[in-house]
1. Do any residues in the range 29-52 that are free of Cβ contacts under 8 Å to residues at least 12 places away in the same chain have Cβ atoms under 8 Å from those of residues that are assigned to a strand (DSSP E or B) and not polar (S, T, N, Q), where the two are at least six apart or on different chains, and which pairs are they?
2. As an exercise: evaluate Ile60 against (1) in contact with a helix residue (DSSP H, G or I) (Cβ under 6 Å, 6 or more places away or on another chain); (2) surrounded by fewer than 11 Cβ atoms within 10 Å (Cβ to Cβ) and give the number of the one condition it does not meet.
3. Quick one: which residue in Glu16, Glu12 is touching a residue at least 24 places away in the same chain (Cβ under 8 Å), within 20 Å of Lys66 (Cβ to Cβ) and charged (D, E, K, R)?
4. If I ask for residues that are hydrophobic (A, V, I, L, M, F, W, C) and not in a loop (DSSP other than H, G, I, E, B), which ones from the range 1-30 would you list?
5. Please specify each residue of the range 9-48 satisfying the condition of being at pLDDT 90 or above, acidic (Asp, Glu) and open to solvent by 100 Å² or more (accessible area, probe 1.4 Å).
6. Which members of the range 32-56 meet the condition of being out of contact with any Lys or Arg (no Cβ under 9 Å at 6 or more places or on another chain), among the charged types (D, E, K, R) and part of a loop (DSSP other than H, G, I, E, B)?
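The values are calculated or read from the model by the stated rules, or taken from the named source; none is laboratory data. Nothing here was measured: the structure is a model prediction, and the numbers come from that model. FYI the Cβ positions are ideal-geometry reconstructions off the backbone, even for glycines, and counts take in every protein chain you see. Side chains are part of the model used for accessible areas, which takes the heavy atoms of the whole protein and leaves out ligands, DNA and RNA. Shrake-Rupley method; radii C 1.70, N 1.55, O 1.52, S 1.80 Å.
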Amino acid sequence: LPVLFKEKLKDEEAQEGASVTLSCELTKGAPVQWKMGPKVLKASDKYQPRQSGTTAELVIRDLKVKDA
């Protein structure tokens, strides 16, 4: 069976310069790749992808307008 989203991403609001955590839940464990447009987001000081079982999270630090 294909992997589906059990819980999709929700819109989050935060102040510029703050941090935000985006999360989604899958029907079964599978690797998740976070993207902004065509660009794959790699772990860095700004982006921290995490995954535990069927839950995937992306922490974005030091938010800028372009992160919208």
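1. Going by the 8 Å Cβ cut-off, the qualifying pairs are Gln33/Val40; Ala43/Pro49; Arg50/Ala56; Arg50/Glu57; Arg50/Leu58; Arg50/Val59.
2. Every condition holds for Ile60 apart from (2).
3. Glu16
4. Phe5, Val20, Leu22, Cys24, Leu26, listed by residue number.
5. Within the range 9-48, Glu16, Asp45 meet the criteria.
6. Matches in the range 32-56: Lys42 only.
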